[in-house]
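See structure below.
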Amino acid sequence: MLAVDLGKTPKEHDQFILVSILCLCAGILSADILIPLGFVIWILYLVPLLMSVWLSHRYAPFFIAWLLAVTILLGGMISGAAHTSPDDLPNRAIFILMLAVISLLVWEIKTNYTLLEMEIAERRAAQEGLEVLTRTLEERVALRTQELSDVNEELKLDIAERRKIEAALAMANQKLTLLSQITRHDISNRVFALLVELDLAKDVAGDGEIQSSLDAIGKTALTIQDQIAFTKDYQEIGAQFPGWHRVDAVIRGAMEQLDTGGMKVTIDLDQIEIFADPMIGKVFYNLIDNALRHGDHITRIAFSRHLSGSDLVIVCEDDGIGIPDADKQHIFTKGFGKDSGLGLFLIREILSITGIAITERGSPGKGARFEIIVHPGDFRIKELKDT
């Protein structure tokens, strides 16, 4: 197959096309002079005009059209056809006009072709870039998938190991709980037997120094009994999931376990529910029991509520002797107090499971005032008017 070398550079390519156009124009001009066939010869001028599409210059079709118009007029002048045929010159003018129209069409084709080439080049470049990005993305996805797979395998191993540890801890806790229950039961039995023996010893001893010693031993035994009860309660803190508890019902349940005598208890809490440990009943039980034990001349206990900003404050106040200012910062400390010193400590521990705080803001000589502070999200109120 014959291959035509049109040049290695755009400039050489244009030069070759331009020389070819000039040669064709010269050949067609010679044929027009030697063989005056009018439109039959002039149609050949469309060939160099169409060849102008290959030239890199944007307006090459118009320049070639001018060249062809001059050539057609020059052919008419040299051949003298205008003198022999009166229609020759108008025909040449009409054909020149046709060339102008065709050159405009060729220019449109050339422009659109150039734009199309540019768009194709841009799309090809975009496609190549997209292919590169696709390959890169595929590699990254494959790498991340492998990393996630490795992490997943590690997590599976960790979960399996953690389950083994949790199972071992659950078994150990179960055994410790069982041991604690058995130990508490045995100690309680021994303390009870000790108290019975002390009562018998008191009857035999009568009055005197021995009686005082037996009373001290009895108090110690009762303290041990209280501490055993405390260990049972403390062990149950956090053992079950927290839940919603209606406060007024919890308080009434605690009152049923205590002998309040003639003391008046008022509950003004509407339909308030708080999110707390299931041992929340122990909180109000110990508050009422603490007032009964240490309030001295106490005649009433009142439970009320109000809003402090976005917090709910549940108030427990009495008309007893109150708590000295010097003791207020220590009353929730383990072991502080007249008896076992465990009741208020247990209250704070139970409430802290769900982030509830408690403070004492009473006035000495006028009564104690405990404020339980519940943060937003941990309480629900169906009917509450801010007071």
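The values are calculated or read from the model by the stated rules, or taken from the named source; none is laboratory data. Just so it is clear, the model here is predicted, and its values are computed rather than measured. Please note that ligands, DNA and RNA were not included when accessible areas were found on the heavy atoms of the full protein model with its side chains. Shrake-Rupley method; radii C 1.70, N 1.55, O 1.52, S 1.80 Å.
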Inset, instruction - Quantify, in whole percent, the carbon and sulfur part of the accessible surface of the range 263-387 (1.4 Å probe; protein heavy atoms only). - result: 47
Legend entry - ³J(HN,Hα) computed for each position of the range 24-36 - Karplus, 6.51 cos²θ - 1.76 cosθ + 1.60, integer Hz, glycine/proline x: 5, 4, 5, x, 5, 4, 5, 5, 5, 6, 7, 10, x
Inset, instruction - Compute the Cα gyration tensor for the range 259-372, then decide on rounded, prolate or oblate, letting a ≥ b ≥ c be the square roots of its eigenvalues: rounded whenever a/c is under 1.5, prolate when a/b is larger than b/c in the other cases, and oblate in all that remain. - result: rounded
